[in-house]
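Have a look at the structure below before the remarks.
The values are calculated or read from the model by the stated rules, or taken from the named source; none is laboratory data. Quick caveat, the model's predicted, so the values are computed rather than measured. So basically every Cβ, Gly included, is an ideal-geometry build from the backbone, and we count neighbours across all protein chains shown. Heads up: the accessible areas ignore ligands, DNA and RNA and are worked out on the full protein's heavy atoms, side chains in. Shrake-Rupley method; radii C 1.70, N 1.55, O 1.52, S 1.80 Å.
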Amino acid sequence: MNTSDKLSQWLSQLQAMSSATWAARSAIAGAGLVALVLPGVQSWDQMDAIPLAGAFLLVACVMLPDSLAALLFLATICVGWLMRAPNDLSWDLVLTGIALLVVHLASAFAGQMPSYAVAGRQVLRKWLLPATIAILLGPVVAVAAALVRDAAVRGSLVVTVAALIAATGAVWYASGSSMGESGN
């Protein structure tokens, strides 16, 4: 298969995309752009390689959501933040965390089916409730962990891990999954 055949096949698959696939890939692009730009406009100095690698990986995330690109994008943004950012909890950190969570969830949703799969709004609705719960619980757990850390409470790691387990359980319960479900 030569390049023109591959391009023609890719364009026909792009044309056949359903609204759920477009929504997921748009969420990846929008949230990824927020996660890429927000740390870059902060007053602290960010490494120049982070936005360049992040931009390349973001395009790969949108084009191939079932690849390793989403994981590498998340890791790149997190490493860039951890290397140079201040240690304080701020709105910028919370918004970047939410954007990374949306990239993760939308990539997981989009990676479940090929781009040319026909998926209606019902598929998107089933994914929307667990995603919304995860997006709302993420900042709550982060703020609670920061408060416990600043209070110097013994066992604060246990409290943080318990909060994350509870949040994961709530998302799992909202998704309607069961332990014996094979995922097919």
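Worth a mention:
- Residue count, segment 1-30 (criterion: under 28 Å from Arg125 (Cβ atoms) and either open to solvent by less than 40 Å² (accessible area, probe 1.4 Å) or not in a loop (DSSP other than H, G, I, E, B) (or both)): 18
- If you check Leu38, Leu95, Leu33, Leu74 for being within 19 Å of Ile135 (Cβ to Cβ), open to solvent by 80 Å² or more (accessible area, probe 1.4 Å) and either at pLDDT 85 or above or part of a loop (DSSP other than H, G, I, E, B) (or both), only one passes: Leu33.
- Residue among Leu82, Leu101 that is within 20 Å of Ala53 (Cα to Cα), open to solvent by 30 Å² or more (accessible area, probe 1.4 Å), among the hydrophobic types (A, V, I, L, M, F, W, C) and out of contact with any helix residue (DSSP H, G or I) (no Cβ under 9 Å at 6 or more places or on another chain): Leu82
- Only residues that are among the aromatic types (Phe, Trp, Tyr) and within 14 Å of Ile28 (Cα to Cα) were counted across segment 60-82, and they come to 1.
- Test: residue in segment 78-86 that is at pLDDT 75 or above, closer than 30 Å to Ser18 by Cα and not small (Gly, Ala, Ser): no
- Test: residue in segment 18-27 that is in contact with a Cys (Cβ under 9 Å, 6 or more places away or on another chain), under 22 Å from Ser107 (Cα atoms) and not charged (D, E, K, R): no
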